[in-house]
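The values are calculated or read from the model by the stated rules, or taken from the named source; none is laboratory data. Note that the coordinates shown come from a computational prediction; the quantities given were computed from them, not determined experimentally. Here the Cβ positions follow ideal geometry from the backbone for every residue, glycine too, while neighbour counts run over all protein chains shown. Protein only, heavy atoms only, side chains kept; ligands, DNA and RNA dropped before computing areas. Shrake-Rupley method; radii C 1.70, N 1.55, O 1.52, S 1.80 Å.
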Amino acid sequence: MKSSVRATQGPEVLGGVGGFAGMYDASFLTSYDRPILASSTDGVGTKVAIAQAIDKHDTIGQDLVGMVVDDIVVVGAKPLFMTDYIATGKVFPQRIADIVRGIADACTATGTALVGGETAEHPGLLGEDDYDVAGAATGVVEYDAMLGAHRVQPGDAILALASSGLHSNGFSLVRHILKNAGLGYGDRVDDLGATWGEALLEPTRLYTLPLLRLIEQLGGDVHSLSHVTGGGIAANLARVLPQGTWAEVDRSTWSPSPVFRVLSDVAGTSLMSSEGTWNLGVGFFAVVAQNRVADAVAALANDGIAAWQTGTVQAGQAPESGFEQGAKGVDGGAVRLVGTYADGAN
């Protein structure tokens with residue numbers, strides 16, 4: 001575990017592993033005109049219940065980093081360092097090592113130093129095999145380079161970036177569906193080529209470094225980014241559009257990943273009914289200048305991320321009802337999904 005953590009650390013990390021506080025040399029900030037620190041904190045949610053059920057703990061760490069660090073890049077910030085917190089009923093060293101190694105590997109993949117953490121044993125509060133994980137990270141961005149709704153213009157293109165699956169949202173619904181259907185995590189799903197547990201633990205895709213490269217390559221033509229997490233597709237995109245604008249996300253531009261279709265079939269519900277819970281195959285949105293769409297799609301493809309235009313920012317009052325606006329206290333633009341998914345599902 002210690003070697004995995006050290007592998008995330010460069011010379012700017014002071015004190016090594018095991019200190020009371022993680023220390024990070026921030027003297028490089030003097031080269032910024034107006035450095036803005038960006039911070040984020042999050043957990044993995046009830047996805048950990050599936051990891052516990054099938055005794056597989058080496059991917060939960062990537063989910064945690066995805067939830068925390070990929071929120072920082074939304075404003076255009078480069079992540080600097082992260083800390084983690086693991087609460088458990090009883091410390092099983094190998095399990096903790098698996099979790100932390102997953103966190104460390106994902107920190108390396110996002111250019112983030114893992115500078116410290118805490119493992120807390122809570123007997124009587126948590127069962128011996130129960131645990132939860134959380135983390136916090138800090139990044140930096142030049143004030144004039146911050147991304148957000150203030151940069152978005154009518155006519156901008158809305159690009160959808162493919163997810164790797166469920167990521168780390170909507171697992172309470174997933175567990176409810178499987179329980180009601182009498183399905184176990186060890187049951188094989190032919191349409192997914194895996195057991196339920198294996199398919200559901202597919203780790204969250206990490207977008208930070210590909211998006212930082214995209215921002216650098218497009219030179220100011222990336223205007224805002226949205227991480228599709230809790231709240232679903234329309235609500236999260238609405239948060240990064242300015243007031244007085246609206247957009248329609250065209251479902252026909254993609255086909256939801258098989259895991260979403262299989263879950264909907266088992267539940268006997270439509271894909272549309274879960275658009276406020278699951279990402280349905282879209283893990284991020286990028287709002288870019290219309291004349292840079294091809295460049296952006298190509299740049300992301302070079303990093304292994306499929307992207308496509310799914311809408312355009314429009315000016316003025318949204319024409320009809322059915323739009324999401326004001327999610328999580330942000331009174332931004334208005335967004336709704338229209339059309340039918342590419343595979344004909346609704």
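In this entry, the range 180-258 is assigned a mean projected area of 8.2 nm², taken as a quarter of its C-alpha convex hull surface. How large is log10 of I(q)/I(0) for the range 198-346 at q = 0.09, 0.18, 0.21 Å⁻¹ when the intensity is taken from the Debye formula with one equal scatterer per alpha-carbon? Ignoring solvent entirely, the Cα scatterers give -0.29, -1.17, -1.47.
Listed values for the range 273-284 are Karplus-derived 3J(HN,Hα) couplings in whole Hz (6.51 cos²θ - 1.76 cosθ + 1.60, θ = phi - 60°), namely 5, 9, 5, x, 10, 9, 7, 6, x, 10, x, 8, and x replaces Gly and Pro. Within the straight-line cut-off of under 26 Å between alpha carbons, the lysines reachable from residue 47 are 2, 56, 90, 179, 328, sequence neighbours fewer than 8 places apart in one chain being disregarded. A 1.4 Å probe run over the range 164-301, with the rest of the protein chains in place, finds 36 Å² accessible per residue. Subtracting the Cα-Cα distance of residue 12 and residue 255 from their residue separation scaled by 0.36 nm leaves 83.1 nm. Rounded to the nearest 20 debye, the dipole size of the chain about its Cα centre is 60 debye, using +1 on the Cβ of Lys and Arg and -1 on the Cβ of Asp and Glu. Between residue 140 and 38, 78, 80, the built amide H atoms are under 5 Å apart, and every one of these is 5 or more places off in sequence or on another chain. Is the shape of the range 229-305 rounded, prolate or oblate, going by the alpha carbon gyration tensor and its root eigenvalues a ≥ b ≥ c, with a/c under 1.5 for rounded and a/b larger than b/c for prolate? Oblate shape, in that a/c is at least 1.5 and b/c is the bigger or equal ratio. In this structure, the amide hydrogen of residue 42, modeled 1.01 Å from its nitrogen in the peptide plane, lies closer than 5 angstrom to those of 135, counting only residues at least 5 positions away or on a different chain.
Note on the chain: percent of Cα-Cα distances in each 20 Å bin, starting at 0 and stopping at the bin with the largest distance, equals 30, 57, 13. Shape analysis of the range 1-93 places it in the oblate category; the axes a ≥ b ≥ c from the Cα gyration tensor give an a/c of at least 1.5, with a/b not above b/c.
Compute the Cα gyration tensor for the range 68-147, then decide on rounded, prolate or oblate, letting a ≥ b ≥ c be the square roots of its eigenvalues: rounded whenever a/c is under 1.5, prolate when a/b is larger than b/c in the other cases, and oblate in all that remain. Note, shape of the range 68-147 comes out prolate. In the range 22-170 the Cα-Cα distances spread across 5 Å bins starting at 0 as 2, 9, 17, 19, 17, 13, 10, 7, 5, 2, 1, 0 percent of all pairs. Amide H contacts under 5 Å for residue 241: 333, restricted to partners 5 or more places along the chain or on a different chain, H placed in the peptide plane at 1.01 Å from N.
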